[in-house]
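**Q** Pasting a structure below so you can have a look.
Read the figures in this text as sums done on the coordinates, not as results from a lab. The shown structure was predicted, so the numbers you read here are calculated from the model rather than taken from an experiment. For neighbour counting, all protein chains shown are included, and Cβ atoms are generated from backbone atoms with ideal geometry for every residue, glycine included.
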Amino acid sequence: MTMDAYIADLPKAELHLHIEGSLEPELMFELARRNRVAIPFDTVEAVRAAYDFSNLQDFLDIYYAGAEVLRTEQDFQDLALAYFRRAAADRVRHAEIFFDPQTHTDRGIPFQVVIEGLTSGMAAARTELDVSSQLILCFLRHLDEDAAQATLSAAEPWLDRIAGVGLDSSEVGHPPSKFQRVFDRAGAMGLKRVAHAGEEGPPAYVWEALDLLKIDRMDHGNRSMEDEALIQRLAASGMTLTVCPLSNLKLCVVDDLAKHPVPEMLRRGLHVTLNSDDPAYFGGYVNDNYRALAAAVGLTREQVTQLARNSFEGAFLSPGEKIARL
Ligand code: HPA
Ligand code: ZN
């Protein structure tokens with residue numbers, strides 16, 4: 001069996017996926033037509049050609065613009081189900097997906113529309129595709145603490161549908177400490193806590209995510225590798241890192257996939273998982289990430305198996321649920 005076939009056949013969980021980042025240009029055009037929203041592109045090819053980023057902010061500007069076509073419950077359901085179909089084809093058995101409510105509520109789309117649509121898509125994925133899933137509400141870190149607090153309050157009627165909170169968007173200049181109080185409040189509500197840290201931001205932001213936000217899982221975490229004490233802390237605590245190789249390449253977090261830190265992370269005992277982040281924008285779903293990284297750095301089958309095993313271990317599922325998803 002080739003490595004690619006081996007990867008395709010491995011059951012896996014996806015733990016770092018922004019549902020708005022799974023909006024393929026074809027669906028973007030369909031929703032633009034359906035909702036009579038103007039988009040600044042004439043063709044699907046022109047959209048793809050615009051996906052040439054030199055950093056995180058370049059991408060975020062286009063990503064927030066793309067989300068403009070999402071208006072109705074049906075749109076969010078279609079978006080989610082399209083992702084789950086792709087994920088199921090990659091043998092994803094469980095996904096914990098991020099959504100950015102502020103991107104929608106700030107343009108007048110009610111929180112209820114977003115969550116009803118996404119959870120309808122998740123329910124359909126469970127029955128039609130046998131893919132289970134959970135939702136993680138992300139706060140946009142370029143906005144202020146009060147806006148994050150208001151978003152958490154808006155989510156309160158829906159807490160039975162939300163597994164946790166996360167922190168995404170522009171990292172540098174927006175340290176985790178800015179959101180300590182809202183993360184404390186989310187923890188008191190019984191929500192899990194995750195945060196993007198060390199994608200572009202320094203190791204100090206990773207320390208803050210651990211010590212101030214009290215995260216249960218770390219998104220990206222690449223720059224942790226610059227700090228020996230931090231590596232030891234992450235290894236000793238068994239912290240799961242949701243790493244996204246093709247995202248790192250597209251956003252110039254690494255300049256060459258062959259130099260990606262995953263092999264060193266594994267060697268140092270970190271609980272690394274592989275994920276697609278924003279697959280419609282970064283050129284690949286989860287198996288593409290496994291395949292590209294395995295080819296670039298020469299992963300062994302044992303390492304690939306470990307990465308998939310880590311994805312179930314790091315999931316917010318009970319031990320019994322994990323076994324049932326394999
Ligand atoms: N980093 C920060 N914010 C994001 C990302 C990311 O990779 N994707 C979507 N929002
Ligand atoms: Zn991300």
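**Q** Quick check for the chain: number of Lys pairs with alpha-carbon distance under 28 Å, counting only pairs 8 or more apart or on different chains?
**A** 12
**Q** Going by C-beta contacts inside 10 Å, put I97, I62 in order with the fewest on the left.
**A** By the 10 Å Cβ count, ascending: I62, I97.
**Q** Another question about this same structure. Estimate the FRET efficiency between M189 and R268 by the formula 1/(1 + (r/R0)^6), using the beta-carbon distance for r and 41 Å for R0, to the nearest 0.05.
**A** About 0.75, to the nearest 0.05.
**Q** While we're here: Round to the nearest 0.05 the FRET efficiency obtained for D211 and C252 when R0 = 35 Å and r is the Cβ-Cβ distance.
**A** 0.80
**Q** Counting alpha carbon pairs within less than 8 Å and at least 6 residues apart, what relative contact order, in whole percent, applies to region 113-221? Walk me through the numbers before you get to the answer.
**A** Working: 144 pairs, mean separation 25.0, N = 109.
For region 113-221, the relative contact order is 23 percent.
**Q** Taking 37 °C and 0.692 mPa s as the conditions, I'd like the Stokes-Einstein D for region 11-101 in µm²/s, using the Kirkwood hydrodynamic radius from alpha carbon pairs.
**A** 234
**Q** Please work out the Cα center distance from region 220-274 to region 134-208, rounded to the nearest Å.
**A** 21
**Q** Scan around F139 for amide H atoms under 5 Å from its own, H built in the peptide plane at 1.01 Å from N, and keep only partners 5 or more places away or cross-chain.
**A** Distant-sequence amide H within range of F139: G166, L167, D168.
**Q** Return T119, T240, T300 ranked ascending by Cβ neighbour count within 10 Å, so the fewest neighbours appear first.
**A** Fewest-to-most ranking of T119, T240, T300: T300, T119, T240.
**Q** Another question, then. In what sequence do I109, I39 fall when counting other Cβ within 10 Å, fewest first?
**A** Going from sparsest to densest Cβ surroundings: I39, I109.
**Q** Next question. Using a 7 Å offset from Cα along Cα-Cβ at R161, what residues in region 8-46 end up with backbone N under 16 Å from the label point?
**A** 19-20
**Q** What nm value, rounded to one decimal, do you get for the distance between E26 and D106 when each label is placed 7 Å out toward the C-beta?
**A** 3.1
**Q** Cα extents of the chain along the three principal axes, largest first, in whole Å?
**A** Principal extents (Cα only, largest first): 51, 46, 42 Å.
**Q** Right, something else. Can you compute the FRET efficiency between R233 and Q180 using 1/(1 + (r/R0)^6), with r the Cβ-Cβ distance and R0 = 25 Å? Round to the nearest 0.05.
**A** 0.85
**Q** Let me know the shape class of region 267-326, please: from the alpha-carbon gyration tensor, a ≥ b ≥ c as square roots of the eigenvalues, rounded when a/c is under 1.5, otherwise prolate if a/b is greater than b/c, or oblate. Mind dumping the intermediate values first?
**A** Details: a/c = 2.18, a/b = 1.33, b/c = 1.64.
The shape class here is oblate.
**Q** Under the 0.36 nm per residue contour assumption, what length would be gained going from the current alpha-carbon distance of R91 and R34 to full extension?
**A** Difference between extended and current length: 17.4 nm.
**Q** Considering all projection directions equally, how large on average is the shadow of the alpha-carbon convex hull of region 141-245, in square nanometres?
**A** Numbers: hull surface 26.1 nm².
One quarter of the hull surface, i.e. the mean projection, equals 6.5 nm².
**Q** While we're on this one: In percent, how large is the relative contact order of region 38-163, given Cα pairs closer than 8 Å and 6 or more residues apart?
**A** Averaging sequence separation for qualifying contacts and normalising by length gives 27 percent for region 38-163.
**Q** Mind giving me the nanometre distance, one decimal, between the label points for D42 and A5, set 7 Å out from Cα along Cα→Cβ?
**A** My value for the distance between the label points is 4.5 nm.
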